[in-house]
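The values are calculated or read from the model by the stated rules, or taken from the named source; none is laboratory data. Only a predicted model underlies this, so the values are computations on that prediction, with no experimental measurement involved. Here Cβ is always computed from backbone atoms with ideal geometry, including for glycine, and neighbour counts include all displayed protein chains.
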Amino acid sequence: MKQKTFVTKPDDIQREWWVVDAEGKTLGRLATQIATILRGKNKPIFAPNTDTGDYVIVINCEKIVTTGNKLDDKIYYRHSKYNGGLTATPLRRQLERFPDRVIQQAVKGMLPKNALGRKMLKKLKVYAGDSHPHAAQNPKVLEL
């Protein structure tokens with residue numbers, strides 16, 4: 001009896017929409033679970049060279065929790081590409097100004113660093129507050 005290798009094709013992929021409430025969740029643990037769903041590693045048809053993942057909507061992103069002194073010690077850096085253009089922003093200030101970017105950057109660091117990873121990141125929707133504009137997709141609540 002011959003065994004055949006299963007190759008995932010675009011027709012085999014069934015995408016779902018999930019809603020995750022980030023209130024009271026730890027940043028890193030939440031990001032790893034979201035990255036797993038975006039990649040599709042929770043599905044039996046997972047292939048590392050194909051985007052088999054689902055869409056993830058994160059609400060209440062401003063209410064995440066971190067352990068230790070990360071609110072003051074964790075720093076986000078960006079550079080304007082001009083001399084002296086380095087800007088350092090602590091996590092506490094980043095959560096006040098742009099809470100969605102905190103989860104976005106944490107998940108981005110856990111995805112592949114190529115075109116496939118950028119495609120997967122587009123399926124992540126992060127919102128501050130309880131509401132989101134994706135009710136038409138009938139997202140399921142995901143308990144993490």
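Just a yes or no: is a residue in the stretch 52-67 in a loop (DSSP other than H, G, I, E, B), without any contact (Cβ under 8 Å) to a residue 40 or more places away in the chain and not β-branched (Val, Ile, Thr)?
Just the residues of the stretch 52-67 that are in a loop (DSSP other than H, G, I, E, B), to begin with: 52-54, 60, 64, 66-67.
Within this subset, residues satisfying the condition of being without any contact (Cβ under 8 Å) to a residue 40 or more places away in the chain are none.
Scanning the stretch 52-67 turns up no residue that is in a loop (DSSP other than H, G, I, E, B), without any contact (Cβ under 8 Å) to a residue 40 or more places away in the chain and not β-branched (Val, Ile, Thr).
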Picked from the stretch 16-45 (must be acidic (Asp, Glu) and assigned to a loop (DSSP other than H, G, I, E, B)), the residue farthest from residue 135 (Cα to Cα) is 23
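So is residue 111 surrounded by 10 or more Cβ atoms within 10 Å (Cβ to Cβ), touching a Gly at 6+ places or on another chain (Cβ under 7 Å) and either assigned to a helix (DSSP H, G or I) or on the phi < 0 side of the Ramachandran plot (or both) or not?
On the way: surrounded by 10 or more Cβ atoms within 10 Å (Cβ to Cβ): yes; touching a Gly at 6+ places or on another chain (Cβ under 7 Å): yes; either assigned to a helix (DSSP H, G or I) or on the phi < 0 side of the Ramachandran plot (or both): yes.
For residue 111, the condition - surrounded by 10 or more Cβ atoms within 10 Å (Cβ to Cβ), touching a Gly at 6+ places or on another chain (Cβ under 7 Å) and either assigned to a helix (DSSP H, G or I) or on the phi < 0 side of the Ramachandran plot (or both) - is met.
With 38, 86, 116 as the choices, which residue is touching a helix residue (DSSP H, G or I) at 6+ places or on another chain (Cβ under 8 Å) and at pLDDT 95 or above? Show your work before the answer.
Values: 86 fails: touching a helix residue (DSSP H, G or I) at 6+ places or on another chain (Cβ under 8 Å); 116 fails: touching a helix residue (DSSP H, G or I) at 6+ places or on another chain (Cβ under 8 Å).
Going through 38, 86, 116 in turn, just one is touching a helix residue (DSSP H, G or I) at 6+ places or on another chain (Cβ under 8 Å) and at pLDDT 95 or above: 38.
When the stretch 1-13 is examined, which residues are found to be exposed (fewer than 12 other Cβ atoms within 10 Å of the Cβ) and either of a type in the set (A, V, I, L, M) or at pLDDT 95 or above (or both)?
From the stretch 1-13, those exposed (fewer than 12 other Cβ atoms within 10 Å of the Cβ) are 1-7, 9-11; that's our starting set.
Listed by number, the residues that qualify are 1, 7.
Among the residues of the stretch 126-135, is there at least one that is farther than 21 Å from residue 26 by Cβ, of a type outside the set (Gly, Ala, Ser), in contact with a Phe, Trp or Tyr (Cβ under 7 Å, 6 or more places away or on another chain) and assigned to a helix (DSSP H, G or I)? Give the steps one after another, and end with the answer.
Narrowing the stretch 126-135 to residues farther than 21 Å from residue 26 by Cβ: 131-135.
Narrowing the set further to residues that are of a type outside the set (Gly, Ala, Ser) leaves 132-134.
Keeping just the survivors that are in contact with a Phe, Trp or Tyr (Cβ under 7 Å, 6 or more places away or on another chain) gives 134.
Restricting the remaining residues to those that are assigned to a helix (DSSP H, G or I) gives none.
No, the stretch 126-135 contains no residue that is farther than 21 Å from residue 26 by Cβ, of a type outside the set (Gly, Ala, Ser), in contact with a Phe, Trp or Tyr (Cβ under 7 Å, 6 or more places away or on another chain) and assigned to a helix (DSSP H, G or I).
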Of those in the stretch 1-56 that are within 13 Å of the chain's Cα centre (by Cα) and of a type in the set (S, T, N, Q), the residue farthest from residue 68 (Cα to Cα) is 36
For the stretch 72-108, the count of residues that are part of a helix (DSSP H, G or I), more than 16 Å from the chain's Cα centre (by Cα) and not aliphatic (A, V, I, L, M) equals 7
Residue set 23, 16; condition under 15 Å from residue 127 (Cα atoms) and either of a type in the set (Asp, Glu) or modelled with pLDDT under 95 (or both); output residue 23
Taking the stretch 109-144 and keeping residues closer than 18 Å to residue 14 by Cα and over 17 Å from the mean Cα position of the chain (by Cα) leaves 136, 137, 138
Counting only residues that are touching a helix residue (DSSP H, G or I) at 6+ places or on another chain (Cβ under 8 Å) and without any contact (Cβ under 8 Å) to a residue 60 or more places away in the chain, the stretch 1-35 contains a total of 2
Residue under question is residue 106, and the condition is that it be of a type outside the set (Lys, Arg) and exposed (fewer than 15 other Cβ atoms within 10 Å of the Cβ); does it hold?
no
